[in-house]
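Participant: I have a structure here, written as structure tokens, and I will follow up with some questions on it.
The values are calculated or read from the model by the stated rules, or taken from the named source; none is laboratory data. Computed from a predicted model, the values in this text were never measured in an experiment. Glycine gets a Cβ as well: all are built from the backbone with ideal geometry, and neighbour counts include every protein chain shown.
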Amino acid sequence: MTSFHPFTLIFLVALATTTTLQLWLAKRHMRNVSAHRNHVPDEFSGSIPLSAHEKAADYTIAKTQLGVLEILAGTVVLLAFTLGGGLEALSLAWTSAFEMGGYGHGIALVLSVAAISSVVDLPFSLYRTFVIEVRFGFNRMTLALYLADLAKQLLLGLTIGVPLLAGALWLMTKMGTYWWLWVWAAWVVFSLLMMVIGPTLIMPLFNKFSPLEDASLRERIEALLAKCGFRAQGLYVMDSSKRSSHGNAFFTGFGAARRIVLFDTLIERLTPPEIEAVLAHELGHFSHRHVLKRMVLMFAASLIFFALLGHLITQDWFFTALNVHSQSTAMALILFSMVVPAFTFALHPLTSLYSRRHEYEADAYAAQHASARDLVQALVSLYQDNAATLTPDPLHSAFYDSHPPAALRIVRLRQLAAA
């Protein structure tokens, strides 16, 4: 039985508040989407049919309902791991094979927690892929491909994650009081390295990337890149259609390893001018150094969290208040990663607001270097093809959406087009 400590009550209040807030936001979102299901917003009345709008509403509600179950399951699992004694039981179980507090014990503990969490998440993932996505006509993934992806993710996680975890545990043990600064620096280096090698070594394990063969589209994109002063390693098409019919485009990589990637489903649905406008938007992010700014913000925030962990790891109450008595560096990492989200969820609107500001800036850049009207048409097509709701609850959107609501974004782009 856990010894009472004020932090136990603080944790329970924070968890209850966050869970209640998440459930309330989900309820608001579903109610708002349902209330507007039978009427296409005026901004889209001439471009999106009512049937597509109704499909988007039903798709959004189905995903949100599943999300509610995931929130409840996550809360139960967190309580079972902490106050329920799950972490303590796992730690004691591994002492039969490894020395308490040793590297082997720490790695085994982290992997077992990750495995249990993955098993809990698996039914939700399967339902989302093979029920919801199938019901709305988006899924193209077979069970064999799903299992193959799962196996690759597991092998990749073990190959990269275990050495990284071992290194972190070693630094935590050997680098004294300021070990957290060393671990943070190692994490920064690793993150930058993954940005460089990810596009060429990791992503091809899951998808095929082929050079863009459409000569006229390639010329159009290369002209846009030259006009914007942007250099990329190549233009590629990704075979996303073997998993889903959703369309998208993105830039990946860092420095000389930057690639422009188009989903094959995107090329099928958008016209060349619309694709150009979408890529101009992505170029806007690089022109305004949004990627660099987000990286700096992420690294700064992570430094604060590592410093906080460096303090908490020396406090007995941090462990005992959460019903953990087998104290170790690995246990501290696990507890911290589990508990922090309950205290930081309320900050989500700030990060969303920051991201939305970047999206507006990128839209303005696209309007200067391509056609704002083409970008509007491309976004309308993507909203319709991806069954994205046009009527999200404003408060839910403020917490969860990194992009501005469709109506606000389209209105601003039309103003830019008119100007």
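Participant: Can you tell me which residue within region 392-413, out of those that are in contact with an Asp or Glu (Cβ under 8 Å, 6 or more places away or on another chain) and either in a loop (DSSP other than H, G, I, E, B) or charged (D, E, K, R) (or both), is surrounded by the fewest Cβ atoms within 10 Å (Cβ to Cβ)?
Facilitator: SER402
Participant: I would also like to ask the following. Could you check region 287-296 and list, in sequence order, the residues that are more than 16 Å from the chain's Cα centre (by Cα), over 17 Å from VAL189 (Cβ atoms) and in a helix (DSSP H, G or I)? Reasoning before the result, please.
Facilitator: The first filter runs over region 287-296 and keeps only residues more than 16 Å from the chain's Cα centre (by Cα), leaving 287-290, 292-293, 296.
Still in the running and over 17 Å from VAL189 (Cβ atoms): 287-290, 293.
Listed by number, the residues that qualify are SER287, HIS290, LYS293.
Participant: I'm trying to understand the selection: among the residues of region 198-220, which are out of contact with any Pro (no Cβ under 9 Å at 6 or more places or on another chain) and either charged (D, E, K, R) or free of Cβ contacts under 8 Å to residues at least 12 places away in the same chain (or both)?
Facilitator: Correct list: LEU201, PRO204, LYS208, GLU213, ALA215, GLU219.
Participant: Suppose we filter THR389, THR344, THR351 for residues that are among the hydroxyl-bearing types (Ser, Thr, Tyr), outside any helix (DSSP H, G or I) and either more than 19 Å from GLU276 (Cα to Cα) or in contact with a Ser or Thr (Cβ under 9 Å, 6 or more places away or on another chain) (or both); which single one remains? Show your work before the answer.
Facilitator: Numbers: THR344 fails: outside any helix (DSSP H, G or I); THR351 fails: outside any helix (DSSP H, G or I).
Testing whether each residue is among the hydroxyl-bearing types (Ser, Thr, Tyr), outside any helix (DSSP H, G or I) and either more than 19 Å from GLU276 (Cα to Cα) or in contact with a Ser or Thr (Cβ under 9 Å, 6 or more places away or on another chain) (or both) leaves just THR389.
Participant: Which of (1) modelled with pLDDT of 95 or more; (2) within 22 Å of MET203 (Cα to Cα); (3) buried (at least 16 other Cβ atoms within 10 Å of the Cβ) does SER125 not meet, given it meets every other one?
Facilitator: The single condition SER125 does not satisfy is (3).
Participant: While we're here: Which residue pairs have Cβ atoms under 6 Å apart, sit 6 or more places apart or on different chains, and have a first residue in region 392-405 that is under 17 Å from TYR360 (Cα atoms) and at pLDDT below 95 and a second that is part of a loop (DSSP other than H, G, I, E, B) and not acidic (Asp, Glu)?
Facilitator: Here the result reads PRO405/PRO392, each pair linking region 392-405 to a residue that is part of a loop (DSSP other than H, G, I, E, B) and not acidic (Asp, Glu).
Participant: Next question, about the same structure. List every residue pair whose Cβ atoms lie under 7 Å apart, where the two residues are 6 or more positions apart in sequence or sit on different chains, the first residue falls within region 20-40 and is at pLDDT 95 or above, and the second residue, located anywhere, is of a type in the set (D, E, K, R).
Facilitator: ARG28/ASP393; HIS29/ASP393; ASN32/ASP393; ARG37/GLU54
Participant: I'd like the residue in region 300-341 that is in contact with a Phe, Trp or Tyr (Cβ under 6 Å, 6 or more places away or on another chain) and in a loop (DSSP other than H, G, I, E, B) and, out of all such residues, is surrounded by the most Cβ atoms within 10 Å (Cβ to Cβ).
Facilitator: ALA321
Participant: Quick one: LEU235 ticks every box in (1) over 21 Å from the mean Cα position of the chain (by Cα); (2) in a helix (DSSP H, G or I) bar one, so which box is it?
Facilitator: The failed condition is (2).
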